[in-house]
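For reference, the structure discussed in these notes is given below.
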Amino acid sequence: MKRQMAGATTVEFALGLLIFLMLLLGIIDFARMLFTWNAANEATRAGARYAVVCDDTTQQALVLARMQALLPQITTVSVAWTPASCTAATCEGVTVGITGLNYQWISPIVGAAAPLIPMPSFSTFLPREVMRKDPHSPTICL
């Protein structure tokens, strides 16, 4: 009789541990998603900052590389100068955005049901600055 009770305790512990680990992994996954969301916001801000200071009106690849340093999952970035087709002297600002960013769950149950979660688009507008004429740093755009 006592041996059967020990087996029941082991089964109860295993079921309780399974539920606890799923809850723990779900919390960790949700924290990772919030981190990715925040990193995407910060990446758009950093990309817009780089674009507006360094006046790379034709080089979206440099802005993308700057943004991927913060969040490597970024693959699609849009850079729009205001007004369209302006020069470094006539631009008023820049809008940098991220589209098509997906989040990959790692939790076992949620990951099986929804492998990729589409995130919203992120966008940041910054007004024009001194465009490569920073008196404090000659290498600001390197």
Quiz item: With 26, 16 as the choices, which residue is touching a helix residue (DSSP H, G or I) at 6+ places or on another chain (Cβ under 7 Å) and either at pLDDT 85 or above or part of a helix (DSSP H, G or I) (or both)?
Solution: 26
Quiz item: So, in segment 70-90, of the ones that are in contact with a helix residue (DSSP H, G or I) (Cβ under 8 Å, 6 or more places away or on another chain) and in a loop (DSSP other than H, G, I, E, B), which residue ends up surrounded by the most Cβ atoms within 10 Å (Cβ to Cβ)?
Solution: 74
Quiz prompt | In segment 42-100, the residues that are acidic (Asp, Glu) and at pLDDT 80 or above | solution = 42, 92
Quiz item: Restricted to segment 106-129, and to residues that are at pLDDT below 80 and buried (at least 17 other Cβ atoms within 10 Å of the Cβ), which residue is nearest to the chain's Cα centre (by Cα)?
Solution: 107
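The values are calculated or read from the model by the stated rules, or taken from the named source; none is laboratory data. Quantities reported herein were computed from a predicted structural model and do not represent experimental measurements. For neighbour counting, all protein chains shown are included, and Cβ atoms are generated from backbone atoms with ideal geometry for every residue, glycine included.
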